[in-house]
Protein chains: 2
Amino acid sequence: MSKIVRLGVIGLGVEGLSYIKFISEGMVPNMVIGALSDAVPDKQQTADDLGVPFFSDYKEMITSGTVDAVVTTVPHYLHPEMGIYALEHGVHALVEKPVGVYTKQAQRLLDVAAARPELQFGVFFNQRTNQLYKDLRDLMASGELGKLRHTSWIITNWWRPQGYYDSSAWRATWGGEGGGVLVNQAPHQLDLWQWICGVPKSVFAKVQYGFRRNIAVEDEVNALVSFADGATGTFITATHDLPGTDRLEILCDQGKIVVENSKDVTIWRLTKPEQQLSEEMSMEHVAKLFQGELDASTFMSVETKSYSSVWGQQHSEVMRNFAAAINGEENLLAPGADGIHGVRLANAIHLSSWTNKEVSIENFDDEAYLAGLNERIRAEGKYAERD
Amino acid sequence: MSKIVRLGVIGLGVEGLSYIKFISEGMVPNMVIGALSDAVPDKQQTADDLGVPFFSDYKEMITSGTVDAVVTTVPHYLHPEMGIYALEHGVHALVEKPVGVYTKQAQRLLDVAAARPELQFGVFFNQRTNQLYKDLRDLMASGELGKLRHTSWIITNWWRPQGYYDSSAWRATWGGEGGGVLVNQAPHQLDLWQWICGVPKSVFAKVQYGFRRNIAVEDEVNALVSFADGATGTFITATHDLPGTDRLEILCDQGKIVVENSKDVTIWRLTKPEQQLSEEMSMEHVAKLFQGELDASTFMSVETKSYSSVWGQQHSEVMRNFAAAINGEENLLAPGADGIHGVRLANAIHLSSWTNKEVSIENFDDEAYLAGLNERIRAEGKYAERD
């Protein structure tokens, strides 16, 4: 019979409290709250209300024997060290996205996790539980649409006014948050894009820092990536677009996908690979094409679908899957190791913008990125440098 | 009273014949056909049917006294030399797009035209007569939407099967056509984009040559440009997308424009500059925003418009405006000198892809591009190199 997993929540902010609520309301059948932790002692009341232990030091919670697993809803920089501490003490780790701010840090966590295969290490990519993206991932993986040619994602629908940035001192700083839209808002899409389309080999990017907000970090990103075999992609994101856009397009050898607002999907399927259609088309057909008399429906079908998602379902599903993986019943939907792809792409985008050169993702220079990050932390003068 | 302008058509292919038809049918009230020219003597019949002189040598037509102006519907490489010959012999020149294949060649034409201000020199950018783009150009120029932040155009809806490329020996060759989608299909959009959004300062591009077609030149382009003041843009075009996309997005400081299929326009207008809205928003409003309780209509209006265009109207309008300019009644909608912007951007896109570096458009290296072009013409071994 399945064991009920006792979860320890580290960080009782908006996110941590919502996970506690989902579990308390029974939305995660194979999980209970084992204990809570927050550096701010005032937050003990939440634990008292639930009748679970409270720890102001997360390390004490991990070694207390009250939890089988932890989730880290804390500022991004802290994810790896908390994940490492948990895994090194025999506790399963579900790390919030991103798994780290910089690849060197994320890799340390991945290395520790790789040495503990008996423990589950997941990343909180709740969008991977979104049926829309699961279906797209399956469709692309099935090979039905053939190889990728190009893809573009404009994802700018997370407007953040200045007051949002001013709400916490660490927010949108190099030393406290480690970046802007790439580490805070866009990690889900950086993950989904690579989960569905594959991991790019290189990137060239233009990044605007404090472009339309009074912040040190990036509020707008325009990246051009190269995948294997000549496929390309563009990724555009910003926090100051009013209104924003969320439009993903994927063009393949035998079909095309367009997703609007992470909700409405259109899939075109060709009866044959496009190049074969091209080769077989006679001059007569070409003439008809130019006269607008060629009936496309003879070689192309179109399907439209709309998806809806209920608040909390995705997050609850991540936790349920995580507990099921701990019980050996399922594979993780979002293994922690996958999390480094998004971190690396985000880091490579910055490094490209700093150097004004195309940057290799395949052979990413972790140290060059970290040096550039520390240069900015130093200039900011508010936080310690990283290693 | 307006003079009726006698037009000489050089090149009696599909395009030339359609212009002759528009004029013969009275769609261009201030223009008549003066004479026709084609290197293929068989084509004389068209002239005989119209009762106008025919010249197998375009130079003879230009000096014959039978025409006031010429239009050049011939392969791209020939546009500059024909334009130059006309202008040097006192004949107005309406040059087909692109005004040249490479900037050095186009510049020669511009220099000759600049020395003859008494003559009209136009480029056949018929899309500039499209009310949709005229309205967008006016809207952007008015300043109502504020400064540009970012723009992207995916324009891939010109599917060309292999048979199209195989239909003429010069097509899709470096020496005969000088490029693929950038010189043949996309010049209108390369012009409109810059006409509406401004001329970029630099570009980084990934270009696929013979990616999904058996051709030497480019069938897919993915370009990332930088405008002044941190604004950016992406331009994606290909001739093998099935189905294609035509989607233009322009995000500005006080509004946004989305155009679908060069037909349906949505314009969002903010009541104040976006940054001001951002600054004025209290923490209370920010909280409401995150709870989905902020009513956007209080600071944003939306307008949707659909445009239609009738085949032939745009081309007739270009010729009417050109004749009116000759008569001193109007300014040219598409002055020939504007044509070099599209040529330069196309050349810079190639040069960036060849060097894998960002390329300056402001200080474009004409000789470097020409050297790269000649290298490819040499490797192809079918046509003479250019100077």
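Here the accessible area is traced with a 1.4 Å probe on the protein chains. For chain B, carbon and sulfur cover 48 percent of it.
Going by accessible surface with a 1.4 Å probe and the largest first, A:D366, B:D295, A:D68 read B:D295, A:D366, A:D68. Distances between equivalent label points of B:K288 across the copies, with each point positioned 7 Å along Cα→Cβ, amount to 5.8 nm, shortest listed first. Mean separation of Cα pairs under 8 Å and 6 or more residues apart, divided by the residue count, gives chain A a relative contact order of 19 percent. Helices in chain B that qualify as membrane-span-like (whole DSSP H runs, Cα extent of at least 24 Å along the helix axis, mean Kyte-Doolittle hydropathy of -1.0 or higher) are B:339-355.
Each peptide among B:380-387, A:133-140, A:9-16 gets the average number of other Cβ atoms lying within 10 Å of its residues, and from highest to lowest they stand as A:9-16, A:133-140, B:380-387.
In the assembly of identical copies, B:D366 has its label point, taken 7 Å from Cα in the direction of the beta carbon, separated from the corresponding points by 5.0 nm (ascending, one decimal).
The distance separating the Cα centre of region A:58-137 from that of region B:8-76 comes to 73 Å.
Can you tell me the FRET efficiency between B:D295 and B:D166 if r is taken as the Cβ-Cβ distance and R0 is 41 Å, rounded to the nearest 0.05? For B:D295 and B:D166, the calculated efficiency is 0.10. Sorted from shortest to longest, the distances between the A:S24 label points of this copy and the other copies are 8.3 nm, with each point 7 Å from Cα along the line through the beta carbon. Solvent-accessible area per residue in the protein assembly as shown equals 38 Å², computed with a 1.4 angstrom probe and all protein chains kept. Only helices enter this figure: runs of n ≥ 4 DSSP H residues, each worth -39500 (n - 2.57), summed and divided by the residues of chain B, yield -10500 deg cm²/dmol at 222 nm to the nearest 500. Note on the protein assembly as shown: antiparallel DSSP beta bridges, both residues inside, total approximately 65 percent of the bridges counted.
When chains B and A come together, the accessible area they lose, probed at 1.4 Å and totalled over both chains, is close to 5100 Å². Using a probe of 1.4 Å on the protein chains alone, the accessible area found for B:V199 is around 70 Å². The GNM of chain B, with springs linking C-alpha atoms under 10 angstrom apart, assigns the highest mean-square fluctuation among B:W311, B:W158, B:W354 to B:W311.
If R0 equals 25 Å, the separation of the Cβ atoms of A:R137 and A:V14 corresponds to a calculated FRET efficiency of about 0.30. Remark: mean inter-chain Cβ contacts per residue of A:280-293 equal 3, using a 10 Å Cβ-Cβ cutoff to other protein chain atoms. The mean count of C-beta atoms from other chains within 10 Å of the C-beta of residues in B:215-228, rounded to a whole number, is 2.
The values are calculated or read from the model by the stated rules, or taken from the named source; none is laboratory data. All values derive from a computational prediction rather than experimental measurement. Methodologically, a virtual Cβ is constructed for each residue, glycine included, from the backbone with ideal geometry; neighbour enumeration extends over all protein chains shown. Note: areas computed on protein heavy atoms with side chains; ligands, DNA, RNA excluded. Shrake-Rupley method; radii C 1.70, N 1.55, O 1.52, S 1.80 Å.
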